[in-house]
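Participant: My questions will all concern the structure given below.
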Amino acid sequence: METFLVTPTAPQKPYIHPRVSLCAIAAVLAAPIPALAQHALPKIDVGHAQKTVVRTPAQRAPVHVSPVVTAATPAPTPFIPQGQTLGGGPSGVVGYVAHGTSTATKTNTPILDIPQSITILTKQQLEDRNSLTLGQALAYVPGVTVAQGEGQRDQITIRGQPTTADFYTDGVRDDAEYYRDLYNMQAVEVLKGPSALVFGRGGGGGVVNRVTKKADGETLRAVQISTGSFGRKRVTFDVGQAINDQLAVRVNGLFEQSYSYRDYFNMKRWGINPTFTWKPFEKTFVTLSYEHYFDYRTMDRGIPSVNWNANPTILAAQRLGAADLYPGYPSPTDRSTFFGNPTVNYAKTDVDRAVLMIDHTTDFGVNIKNQTVFANYAKFYQNTFANNAVAFSGCAGALPPCVQLSGYNNQTPRQNIFNQTDLTYTLQMTPQIKHTLLAGMEFGNQKSDTNRNNARWLNPFTGSANINTFFGSPTTFLPVVFNNPSFRRHTDLDLAAGYVQDQISVTKYVDILAGVRFDSYRLRFVNTLPTPTPTIDNYWGQTITNNVGKWSPRFGLVFKPFEQLSLYGAYSRTFLPAAGDQFNTLSISQQNLQPQGFENVEAGFKAEITPTLLFTGAIYNLNRSNQPVAINAFYNVLTNTRTVGGELGLVGQVTKEWQVSLGYGNQHAYITSSDRVPLAGTGPLFTEKGKVVPSVPQNTFTFWNKYDVSSLIGLAPDVLGVGTGVIYNAKFYAALDNAVVIPGYARWDGAVYWKLSEQISAQVNVENILGASYYASAHNNNNIMPGAPRSAFLTVNAKF
């Protein structure tokens with residue numbers, strides 16, 4: 001601020017120094033002058049009009065005005081610079097739509113410039129639909145089918161590829177088997193098609209990435225309480241603030257105890273996630289995060305199937321491989337009926353996960369990001385379940401019709417350690433050509449165990465592994481123990497990877513994405529079963545070391561004829577080691593087996609209809625080779641599969657009051673070849689070739705929209721809103737033999753939102769408004785999960 005001197009040469013026309021500042025003049029004029037309250041103001045008569053002239057003391061007598069110095073209050077520096085996303089994930093989020101993400105390319109890239117189909121579920125979408133778990137969130141994603149997961153884990157099928165391991169948190173693998181909650185999540189991203197360059201092995205159909213809430217310096221005091229059908233009791237909190245200009249903290253917490261429409265089910269989970277961000281320098285961020293998450297629930301694998309045409313002729317045809325000509329369907333029982341012994345069924349998970357992330361940008365513009373993750377998963381589950389379809393004969397020990405029950409328990413602890421380093425740099429070669437360069441490396445170790453014991457019914461020493469029960473009363477409380485060893489497996493995986501990528505902008509019309517990754521894996525597989533049980537595991541006592549090295553290329557071309565429209569084509573390839581998603585299928589017979597391969601060719605478009613409304617579409621051809629597919633609990637066949645399909649999506653604001661999220665998927669996934677040799681007593685039809693991949697409905701459709709009706713009834717904006725949506729899945733098969741059909745269904749949901757004050761808001765969500773009877777998922781032919789009846793939940797949000 002400049003100083004100035006006012007020296008009036010005439011009372012009416014003071015002289016102002018040329019260097020005077022307008023701010024200083026305003027400061028002088030605004031300064032209080034006590035003399036004004038002590039002097040009378042003279043009146044001047046000018047004819048009939050009278051005018052009062054106010055003269056300041058400066059006008060009555062020239063005075064010297066002392067120099068005035070004023071200091072403008074500087075705008076506070078934001079803890080996170082404008083436009084930067086701490087830790088990556090979606091960027092440019094407006095309501096339901098995100099305009100960019102760093103997850104797909106490891107660089108913050110506009111959605112229109114990414115040659116890949118991506119669905120981003122923003123925080124507002126998740127909250128509006130009352131999506132509390134990952135499974136609930138993914139039910140609204142086209143091309144994704146939420147499988148049953150045996151009632152103890154997240155399991156999905158993306159573009160015809162089943163997976164229990166393609167889950168990530170902030171871009172780092174989170175592949176243990178458990179149910180994931182969203183209490184501490186900012187967004188959920190679903191990337192379709194192979195993405196090995198970014199994520200490494202697996203992810204053949206796509207990956208799911210959860211983006212956590214970060215300590216970004218924002219002041220937060222939020223509590224959410226939810227209650228409703230089936231005794232839900234849930235509380236979450238989100239507290240955060242900047243301690244000073246260098247340190248910020250945030251803590252998210254969860255507690256829930258709920259029941260279910262399924263008999264005997266109960267669930268308890270809680271979690272705590274403190275996060276700290278330290279900013280020692282303007283372009284350096286150090287984030288430390290720790291989470292403990294606990295989940296305990298009754299393990300429930302649903303209901304069996306029934307085939308009403310199971311006469312001798314039909315059974316003979318089924319043995320010849322024609323099961324799909326006379327398929328079965330879910331058995332006609334109440335949706336709440338529990339099959340098995342509920343007193344012994346449970347799944348328990350403890351997750352401890354610590355993350356250290358360092359993000360630094362040098363003065364030369366190179367961004368260096370290093371992330372170290374340690375995760376320990378303590379997992380145990382125990383279950384009894386329907387092992388066969390409803391039978392009308394051969395019901396030893398039970399009245400017909402009967403169901404055979406089986407059981408086992410399994411301890412599956414895992415420990416993950418990962419370290420990722422990414423270097424990115426933007427190079428402007430010419431005014432028309434720009435390179436965004438990425439180079440990175442990843443190292444990791446995963447130790448896993450799988451220790452299974454089979455059940456013995458009635459007698460702990462000589463009891464049978466199976467027992468029959470009357471179909472009309474399948475819930476049993478007969479004694480059962482789990483002391484019959486099945487297998488003991490330990491795996492130790494070391495991995496190292498390096499990757500490079502270049503995003504080239506050639507004028508404003510063309511973008512090129514090219515990159516390659518090399519992964520090196522060393523898997524040590526040990527079968528430690530203490531005694532041989534050849535009928536269950538022919539390779540007890542074996543130790544196998546399997547080394548894998550694979551290149552995974554990626555190429556994409558984006559053409560933008562207009563600023564708001566992009567057309568793209570892409571090719572990508574990835575692999576999965578022979579040990580599978582969870583490292584538990586390797587045996588001597590597979591020791592030299594090549595890894596599974598995934599090859600995807602895709603073309604699509606992305607268009608910004610308005611700045612906040614995004615329309616996307618894609619078609620693709622995805623081939624998978626050397627895929628082991630379970631025929632029963634102990635036997636796999638190797639198959640090659642193909643999925644061809646297309647997707648459409650519309651997300652964002654249609655008007656200021658109307659937000660939508662719409663998706664349609666069409667896919668056909670089938671077996672192109674199999675190594676199955678017809679077994680004794682079977683015929684030439686006994687083959688997998690041509691069979692439809694399970695849990696892949698040919699058509700899926702989801703639609704959700706929210707409308708702010710406040711203005712229609714004379715209220716202020718955002719005071720009252722309504723939402724409604726539909727989920728539709730066509731029929732699909734429960735298993736590879738296509739012997740059981742899961743009927744298609746449509747479910748109608750709705751919600752009402754109201755804001756009571758600036759601090760208090762509430763919403764009521766109703767799922768399955770019409771009370772449709774349907775089947776939501778399946779794990780195999782006889783583990784089928786009925787969908788929930790009409791359910792209503794009230795959620796209250798408070799901010800302080």
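The numbers here are math on the coordinates, done by the rules we state, and not lab data. Since the model is a prediction, treat every value here as computed from it, not as a measurement.
Participant: Straight-line reach only, C-alpha to C-alpha below 26 angstrom: list the lysines that Lys369 could link to, leaving out same-chain residues fewer than 8 apart.
Facilitator: By straight Cα distance, Lys369 reaches Lys106, Lys123, Lys192, Lys213, Lys214, Lys279, Lys283, Lys434, Lys447, Lys550.
Participant: Then there's this: In vacuo Debye scattering of the stretch 200-280, one point per C-alpha: log10 I(q)/I(0) at q = 0.11, 0.12, 0.15, 0.26 Å⁻¹?
Facilitator: So the normalised log intensities are -0.49, -0.56, -0.75, -1.10.
Participant: Compute the separation of the alpha-carbon centres of the stretch 369-397 and the stretch 425-464 and state it in Å as a whole number.
Facilitator: 20
Participant: So what's the Cα pair-distance distribution over the stretch 90-212, bin width 10 Å, in %?
Facilitator: All Cα pairs, binned at 10 Å, distribute as 13, 50, 33, 3 percent.
Participant: Can you spot the aspartates and glutamates whose alpha carbon is less than 12 Å from Lys606's alpha carbon? Ignore those fewer than 8 places along the same chain.
Facilitator: Within the straight-line limit of under 12 Å, Lys606 reaches these aspartates and glutamates: Asp113, Glu563, Glu647.
Participant: May I pose another question? Using only the alpha carbons of the stretch 98-159, what is the convex hull's orientation-averaged projected area in square nanometres?
Facilitator: The Cα convex hull of the stretch 98-159, projected and averaged over all directions, gives 5.1 nm².
Participant: Once the piece of chain linking Gln124 and Asp334 is laid out straight, how much longer is it, given 0.36 nm per residue of separation minus the C-alpha distance between them?
Facilitator: Taking 0.36 nm per residue and subtracting the Cα distance, the gain is 72.1 nm.
Participant: What is the distance in Å between the Cα centres of the stretch 195-240 and the stretch 709-765?
Facilitator: 19
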